[in-house]
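To keep things clear, I will list the structure first and then write my remarks on it.
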Amino acid sequence: MISYSTFRIAAQNGTITTTDSTRQVVSEIEKQKHLNAFLTVCESEALAQAATSDKHFATGSPRLLEGMVIALKDNISTKGIRTTCASKMLENFVPVYNATVVDRMNAHGGIIVGKTNLDEFAMGSSNENSAFGAVEHPLGDNLVPGGSSGGSTVAVAAGLVHVALGSDTGGSVRQPAALCGVVGFKPTYGRISRYGLVAFASSLDQIGILASDVSTTARFFDAISGIDERDSTTAELPATQSLAMIEQPLLRSFTVAVLPDSELAGCDADVLKVYYSRLEILRQNGATIIPAEIPGSTAWIPTYYILATAEASSNLARFDGVRYGFRATVGDDDEDAMIVRSRTQGFGAEVKRRIMLGTYVLSSGYYDAYYRKAQKARRLVLNGYNDVFTKADILFLPTTPTPAFKRGEKTADPVAMYLSDYFTVSANLAGIPAISIPAGTSSEGLPIGMQLQAKSFDDERLLYFAHHFYQLFN
Ligand code: GLN
């Protein structure tokens, strides 16, 4: 598929129409059905939007996202279009309202072509936890695409859409982006409205952007960011202006912080090779490299999994078979049995594991030992980052310890699966912006991503550095 910027110029010159490009996308999605990236394709809605885009191009008034073809992770609410969270619980759930991001992208001329597969309720790192089957890595070979935004990531990596939205609670946009060789961006907590995103762990959840380059990411971010009166956690800031910023030349000198080498001990040799070679390129291009110490990195994963499961156990209490979603049939009219059976049959194994873990860490006997301690550890992570960013523009680190792994490789060992988020969860704990960019390949030709993190609300500058680093690396 041609890049959005190439498409936009062609559409402005009248050599391509949005209707044709949308039709092509829909037929390509059909051809690539084996990837299992899409759960719903909305052809008629997309073609109706495309007709409007054609008019805007014809009259010389294209909006910011005019004619851009977009896929949405299926935990983002779309009015009149099924939103399943890849769960049997919501298999037939059709929302009555749009998420704010959906209204905003529509208002800017974006075209939603479908809803993408994910790990059930965004819980997972391999997209093997979907009630509707796993997503295939575009390179095949029984590899996982990462998760939980696996469908959205594959939709971009396979060239089916220009942009896809995912959600990132502990790395679910950046981790699959790294494994599939695309750009994955998680903004500062509160920079993109989460109204209409089905909640997993509310203090960590962010909607994030997947695209094949940083400039499309920046354009999209500018279109959907900014305060939303429907989400009280959004920051009181207008939409970003990152597209203009990224075009400025790279600063002559800038400071890049790196973790101590001991923190990278768990990384695959190929990941380390790419990491050190890219660091060398940064040094050659004017970066001052300084050490960063963020205390307690061995506690990042446990802290994340205590807090995320605690919040999930509360958020998912609403799925009770009464209000909406799946209801199990029961022989008698026992209400409690109906609720238990609906949750037992409606949720998959990983979701149930998390609800049980979360209920446990919040229980009165263990609250102090786990939940309260995790809150304190979270504060230390934030303090550590604050300290790093008084000295450095960027923290540079791998996105994942390994390239894409095989299907089934980690499903029997949840802790091994959880460790693939080793480098991503801390950004969510601290609420800071982070982006994964393609940076190289393994000896077997699998994509490897590197991550850039910046201080809260430095999203525009983060995209600016990412844009330039991407060009230096590729
Ligand atoms: N893989 C992590 C988890 O399973 C992150 C999920 C996410 O960011 N949604 O919780």
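What follows draws every value from the coordinates through simple rules; no lab data is involved. These numbers were taken from a predicted model, which means no experiment stands behind them. No Cβ is skipped: glycine too gets one built from the backbone with ideal geometry, and neighbour counts run over all protein chains shown.
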Checklist entry - Restricting to the range 442-474, what's the tally of residues that are farther than 30 Å from Arg379 by Cβ, free of Cβ contacts under 8 Å to residues at least 60 places away in the same chain and touching a strand residue (DSSP E or B) at 6+ places or on another chain (Cβ under 7 Å)? => result 1
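With a cut-off of at least 2 residues that are surrounded by 16 or more Cβ atoms within 10 Å (Cβ to Cβ) and not hydroxyl-bearing (Ser, Thr, Tyr), name the strands (runs of 3 or more DSSP E) lying wholly within the range 193-297.
Details: elements: 206-211, 254-258, 287-291.
In the range 193-297, the matching strands (runs of 3 or more DSSP E) lie at 206-211, 254-258.
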Item to check | Inter-residue pairs, beta-carbon under 9 Å, first of a type in the set (S, T, N, Q) and in the range 279-305, second within 16 Å of the ligand (Cβ to nearest atom) and in a loop (DSSP other than H, G, I, E, B), 6+ apart | outcome: Ser297/Tyr422
Checklist entry - Among the residues of the range 52-77, which ones are within 19 Å of the chain's Cα centre (by Cα), among the aliphatic types (A, V, I, L, M) and more than 16 Å from Ser5 (Cα to Cα)? => result Ala71, Leu72, Ile76
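In the range 129-144, what residues are more than 18 Å from Lys352 (Cα to Cα), assigned to a loop (DSSP other than H, G, I, E, B) and not acidic (Asp, Glu)?
Filtering the range 129-144 for residues more than 18 Å from Lys352 (Cα to Cα) gives 134-144.
Going one step further and asking which of them are assigned to a loop (DSSP other than H, G, I, E, B), we end up with 134-142, 144.
Scanning the range 129-144 gives Ala134, Val135, His137, Pro138, Leu139, Gly140, Asn142, Val144.
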Checklist outcome for this item: Counted residues in the range 180-200 being out of contact with any Gly (no Cβ under 8 Å at 6 or more places or on another chain), within 13 Å of the ligand (Cβ to nearest atom) and not aromatic (Phe, Trp, Tyr) come to 4
Checklist entry - All but one of (1) under 29 Å from Gly445 (Cβ atoms); (2) touching a Phe, Trp or Tyr at 6+ places or on another chain (Cβ under 6 Å) hold for Ser125; which doesn't? => result (2)
Checklist entry - What pairs can you find where one residue is in the range 114-127 and in a strand (DSSP E or B), the other is of a type in the set (Asp, Glu) and away from the ligand (no atom under 14 Å from the Cβ), and their Cβ atoms are less than 9 Å apart, with a gap of 6+ or different chains? => result Gly114/Glu43
Next on the checklist: Just to be sure I understand, how many residues within the range 138-173 are among the small types (Gly, Ala, Ser) and closer than 14 Å to Ile112 by Cα?
Outcome noted: 4
Checklist entry - Just for the range 127-172: of the residues that are within 16 Å of the ligand (Cβ to nearest atom) and of a type in the set (Asp, Glu), which one is farthest from the chain's Cα centre (by Cα)? => result Glu128
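Which of the residues spanning the range 23-47 are farther than 26 Å from Asn142 by Cβ and touching a residue at least 24 places away in the same chain (Cβ under 8 Å)?
Taking the range 23-47 first, the residues farther than 26 Å from Asn142 by Cβ are 23-27, 42-47.
Within the range 23-47, Arg23, Val25, Val26, Cys42, Glu43, Glu45, Ala46, Leu47 meet the criteria.
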Checklist entry - From the list Val173, Val214, Val198, which residue is in contact (Cβ under 8 Å) with a residue 24 or more places away in the chain and closer than 23 Å to Pro401 by Cβ? => result Val173
Checklist entry - For Asn106, are the conditions met, namely being surrounded by fewer than 23 Cβ atoms within 10 Å (Cβ to Cβ) and not in a loop (DSSP other than H, G, I, E, B)? => result yes
Next on the checklist: Exactly one condition in (1) surrounded by fewer than 18 Cβ atoms within 10 Å (Cβ to Cβ); (2) more than 30 Å from Ala131 (Cα to Cα) is false for Thr344; which is it?
Outcome noted: (2)
